[in-house]
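Each remark here refers to the structure printed beneath this line.
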Amino acid sequence: MRTRAIGNLLILVATVALSYGMQVSKPHYADLTAPIPVGGAMHDMVRARSFGVRLDKVVFARALKTSQFGRTKLLTTSGLWAVVTTSLTATSASATVADGTWQGPAGLRYRQTERLGYRQDMPPHAVDPGLERRGLFVFEVPADQIGGATLLVAARQFAPLDAQARISLDASLGDDGQPAEVLPQYDLDAPPGKT
Amino acid sequence: MFETARSRVQTWITAGAGSIAALFVAGLMGAFGALPAHAPPQLPLDVAVDAGRWRIKPIRAYVSHADVHGVPLKPGQKALVLEADLTNRTAQSDKAYFNVFRPEGLAVPEGPPMIALTRDSTLTPELHPGMTERMAYVWPLAGDAKIPAAIGFVVTAEIFKPRDNLYGAPGWFNPYRLGTVTLPVADVGTGS
Amino acid sequence: MTAISTDGKPAADRQAEKKWRRRSLAALAILLPLTLAETSYDSVREWLHGEDLVARDVDFGRSAPFGGSDWRLADLRGGKAGRLPDRAFAVIATFSVTIGDPDLQRLWLGCKLMLTDATGRRWLPDFISGVSLPDGVMNCTSAIFSGAKKGDVITIGDTFIVPEDAIKTIRPAVGLGSERPWYLRFQRPPK
C-alpha cells in the first residue's frame, strides 16, 4: 500500500515535470509558421522558391524626389531613405515579388514604404523565368539601423513556409556608424545609373 | 462499515473541492469588482507617454474649417484635428494607431478617424520602429457643432502577450483605457 | 491504477480484454490515415482546382473542347518589337474560340493564357510598351465580359516576353478554372 502510494506520487511528479518541459521547449507558433530563409550576400543571385533576387546597390538619401500625377513631390523622413536596387527573375513560372523588409542589426523590421504610391519599378514586381528586371525597394530607416542590416525579400507579405531571401547588406559606414555617403536628395525618376 | 463511511466522505470532498474553489473565487472577484473603480489618470502633456505599441506626445488640438493635411471635408463640415507625435515601440512596421485617441464629450462619427502624416499628407502610412512622426487625427464634425474650450482625449493602449491564448502567437491584445489627455482647442478659421 | 481493477478478475475476462485492446490498436492503424485523408480532402481538391497540372496536347490546326467552347491555336508569332529587355523577344499568341456554353463568367473564371517551353518553364502575359494586340483580338478577361453568344467565334490573345533561349520551344497553353487541374497545350505551327 505504502509503496504504491509513493509510486503514484513519483509518476505524478514525473508527469508534471515532463509536461512542463514539453510546454517550455515547444517551438513558438511564429517560428513554426515562419518563412523559410534562403541566405546570400550582396551582388549574388539568391535563389528562393519562386524567384531569384540579386542586390545590386543601396543608396541613402535624406529626401526622395518623385513625380506623382504629374506633380513633383519631395519626400522627407525622420531617418534616412534607403533605396535598394535589385535584379529580379522568376524560377520556373512567371511570378510576383511583393514584399521587401529592411531588418536592422537587432532584428527590428522596417517594411517597404507606403508613401510612394504606385510606380512601375516598385513592388509588386512581375518577374518572368529567364529574364532579369530591375526592381526597387524603398525603406525609411534610422541611421543606427544600417550597419549589419539584412534585406528580406519574399513573394508575399504573409507567406508561411514559403521561401524568403535574406541578403546581408554591407553598406560602407563612416567612423560615426553612419553610412559613408548620404545624398541630400535622390531622384527616383532619373535614369538608372545616374543619381 | 467504517471503511465505506470514510470513502464516502472522501468522495464528497473530492467532488466538492472544485465547486468550493469556484464559489470562493467568484465571491472574491465580486468583492473586488464592488470596489470603486480607479478613474483613468490625466496624462501629462509635456512628456511622451508609453501607450502599448505607441509612445505618444500630443502637440495641439484645433478646429479646422477647410481641408486639413490632405483630408477632404464635405461642404459645411468642420473638423476636429489632434496633432500628436507617435513612435512605434514594437519591433516591426505597424499602423494600428487608429484607436489610440478618441475625443470625449463630442458627437464624432463612429469608426476610426482619418489619420494623415503631417510631413506630406500621406493617409495612414505604416510607422516604423523607433521613428517618431507627427500624425494628424481628423474627426469630421457638423458645421454647427459646439466645441468646448478644452477637450479630453481618451488614450487607449494594449498589452503585449508573447503567446496568445489561441495560437500561442505573439501579439497585442486587451485594449484598455490608459488615461486622458486634455488639450485646449483653438479655432484656426479657414486655414490650417 | 490498472493493476487494482484487473486484480482478482477471472483469467477469461483478462484474455478478452487483451484481445479487444489489440483490435483497437489495429483499428488505429486504419482509422488514423482515414481521418487524415478525410480532413485534407477539401484542401487537396481546392489545390487541384487551382493549378494547371496535367496537359492535354492539341495538334496544330485542330480544335479541342475546353470550358464549354472549342479552342484552336490561330497564330503564334515572335519578334523584336517595343521596349524589351536584352536577349528577349515579344510573342503574341492568339486563339480562335467557338463559343459553346456562353456562361463564360462561371466556366472561364481564372482564365490564364500561358507559354510553356521544353524545360517546363511558364510565362504569363506581360505588358510591352509599344506592342499592342492586333485589331479584334481581346484578352481572356475582356472575353469573359464580352457577352459572346453560343456559336460566336472570337479571337483571344495576349502578349508575352520570352527569353531568347526559350523561343525555339515555346508552346501556347490555356488554363480555365472549370477545367483545372487539366489545361490545353497546343503544338506550334509547322515551320
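Just so you know, all these numbers are worked out from the coordinates, no wet-lab data involved. Quick caveat, the model's predicted, so the values are computed rather than measured. Please note: Cβ atoms are built from the backbone with ideal geometry, for glycine as well, and neighbour counts cover all protein chains shown.
In table form, for the structure just shown:
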item: Kirkwood-Stokes translational diffusion coefficient of the stretch A:81-195, alpha-carbon pairs, 4 °C, 1.567 mPa s, µm²/s; result: 85
item: Beta bridges by DSSP in the stretch C:46-191, antiparallel share as percent, to the nearest 5; result: 80
item: Chymotrypsin sites (Phe, Trp or Tyr not before Pro) within the stretch C:89-151: DSSP coil, no more than 11 neighbouring Cβ in 10 Å; result: C:Phe145
item: Length-normalised contact order for the stretch A:42-195 - Cα pairs under 8 Å, 6+ apart - percent; result: 28
item: Other-chain or far-sequence residues with amide H under 5 Å of B:Leu178's (modelled H); result: B:Val155, B:Thr156, B:Ala157
item: Dipole magnitude of the stretch C:71-191, debye to nearest 20 (Cβ charges: Lys/Arg +1, Asp/Glu -1, about Cα centre); result: 300
item: Gyration tensor verdict on the protein assembly as shown (Cα atoms; rounded if a/c is under 1.5, prolate if a/b is larger than b/c, oblate otherwise); result: oblate
item: Value of Rg to Rh for the stretch B:40-122 (Rh from inverse mean 1/r over Cα pairs, i.e. Kirkwood); result: 0.96
item: Sequence-distant residues sharing a close amide H with C:Arg56 (under 5 Å, placed H); result: C:Tyr183, C:Leu184, C:Arg185
item: Gyration tensor verdict on the stretch C:1-117 (Cα atoms; rounded if a/c is under 1.5, prolate if a/b is larger than b/c, oblate otherwise); result: prolate
item: Separation in nanometres of the label points that stand 7 Å from Cα toward Cβ, at C:Lys149 and C:Lys19; result: 7.5
item: Separation of alpha-carbon centers, the stretch A:130-195 and the stretch B:1-31, rounded to whole Å; result: 65
item: Paramagnetic reach from C:Lys168 in the stretch A:106-138 [backbone N under 20 Å; point 7 Å along Cα→Cβ]; result: A:129-131
item: Per-residue HN-Hα couplings for the stretch B:10-23 [Karplus 6.51, -1.76, 1.60; θ = phi - 60°; Hz; x = Gly/Pro]; result: 4, 4, 4, 5, 4, 5, x, 4, x, 5, 4, 4, 4, 4
item: Cross-link table B:Lys74/B:Lys95; C:Lys112/C:Lys150; A:Lys65/B:Lys57; B:Lys95/C:Lys112; A:Lys26/B:Lys161; C:Lys80/C:Lys191, entries beyond 24 Å C-alpha to C-alpha; result: B:Lys74/B:Lys95; A:Lys65/B:Lys57; B:Lys95/C:Lys112
item: Average beta-carbon neighbours from other chains, 10 Å sphere, peptide B:121-130; result: 6
item: Using θ = phi - 60° and Karplus 6.51 cos²θ - 1.76 cosθ + 1.60, couplings along the stretch B:170-187 (whole Hz; Gly, Pro as x); result: x, x, 10, 9, 6, x, 9, 7, 6, x, 10, 10, 10, 10, x, 10, 8, 9
item: Within 10 Å of each Cβ in A:134-143, the average number of Cβ atoms from other chains; result: 2
item: Positive-pole candidate from B:Ala21, B:Pro129, B:Phe153, dipole of chain B, charges at beta carbon; result: B:Ala21
item: Placed amide H near A:Leu183: partners under 5 Å, 5+ positions off or other chain; result: A:Phe60, A:Ala61, A:Arg62
item: Backbone HN-Hα couplings from phi across the stretch B:127-143 [Karplus 6.51/-1.76/1.60, Hz, Gly and Pro as x]; result: 9, 9, x, x, 9, 6, 10, 8, 10, 10, 8, 10, 10, x, 10, 5, x
